[in-house]
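Values quoted throughout were computed directly from the atomic coordinates according to the rules given, and no laboratory measurement underlies them. What you are looking at is a predicted structure, and each value in this text was computed from that prediction instead of being measured. Cβ atoms come from the backbone with ideal geometry, glycine included; neighbour counts cover every protein chain shown.
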Amino acid sequence: MDSNYPPEPMDDEGYPLKCKLAGVGGGIIAVIAILFVCHNGMVGSIHTTKMTSMAKVIKAVDFAAKKHRDQRRWGPDKAPYINHPIGVANILANEGGIDDPIVLQAALLHDTVEDTETSLDEIEQEFGKIVRDVVDEVTDQKDLPSKERKRLQVINAPKKSPRAKLVKLADKLHNLRQSPPADWTEERIKQYFVWSSYVLHGVKGTNEALETKIDEVLGARGVKMAPPPENYQGYDKYA
Ligand code: ZN
C-alpha cells in the first residue's frame, strides 16, 4: 500500500508542494529571526561574547603556561606548576559551577604576578582592567616577609570582592587537596590547615558547593573553617 496515499500535491518539478512551501516559510522565518536578533544585537553579541570569552580563557591558559613554564609545585610529585592554576580554574568551572570568564581568567593568572616576572600592567594590557583588579586582589605583596604575608591573607580575606573570594576558595581547596611536601611533619601540616581555615573563614558565604568540599577536606584533618584568634599575630614558626 502506498504510504503517501492520498498523493501529496506536487509542483511542476515533482517536489511535494508542502515541503517546498515549508522550506520557503522556514527560510522566511529564519531570515526574520536573524533580522530581529541582529537588529537587537543578539546574534552578534551572543555569538561574539561566547567566542570572545572562550578565546580569552584559552589565552589565559596559554599566558600562564608560558609564565610558569620552568616552575614546579612544592608537593612530593613536583608536578608542573601550571597544573595548579588550571586545577583552580577547573574547580571553579566544574565544581563551583562558575562560568564568569573574568573569574576563570583570574584563576588561571592568579599566581603569575606573585610567582613569575609578570606585572599587573601586563595583565591589564592582555586581559583588561577587571581581570587585573581580581589578580591584584589575590596577589600577596612580595616585598613582605612570608609570615606577614600570611597574616595579611587572613586579615584581608573578608575585604575581597566576590570574584576574588571565589578564586581564593578554589585556590585554597586545590592546595589543601595536594599532598604536602614529604618533609612536613604532622604538626606542620595541621598548622597549614588551620591557617588556611582562617583565610577561608574570611571568604566564605561565596559558593556553597566549594565550601562544602572545603569543609570535607578540612574535616579530614579535624579542622573547621573558623575566624582567627583575636589579635592574630601570623601563621607560625614555619612561615
Ligand atoms: Zn595558587
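Here is how the numbers come out for the structure above:
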{"read-out": "Relative exposure of THR116, THR52, judged by other C-beta atoms within 10 Å (fewest first)", "value": "THR52, THR116"}
{"read-out": "Amide H partners (placed H, <5 Å) of ARG72, local residues excluded", "value": "TYR81"}
{"read-out": "Under the Karplus curve 6.51 cos²θ - 1.76 cosθ + 1.60, θ = phi - 60°, whole-Hz ³J(HN,Hα) for segment 97-107, x wherever Gly or Pro sits", "value": "x, 8, 10, 6, x, 5, 5, 5, 5, 4, 4"}
{"read-out": "Phi-based couplings in Hz for segment 129-135 (Karplus 6.51, -1.76, 1.60; Gly and Pro marked x)", "value": "5, 5, 5, 3, 5, 5, 4"}
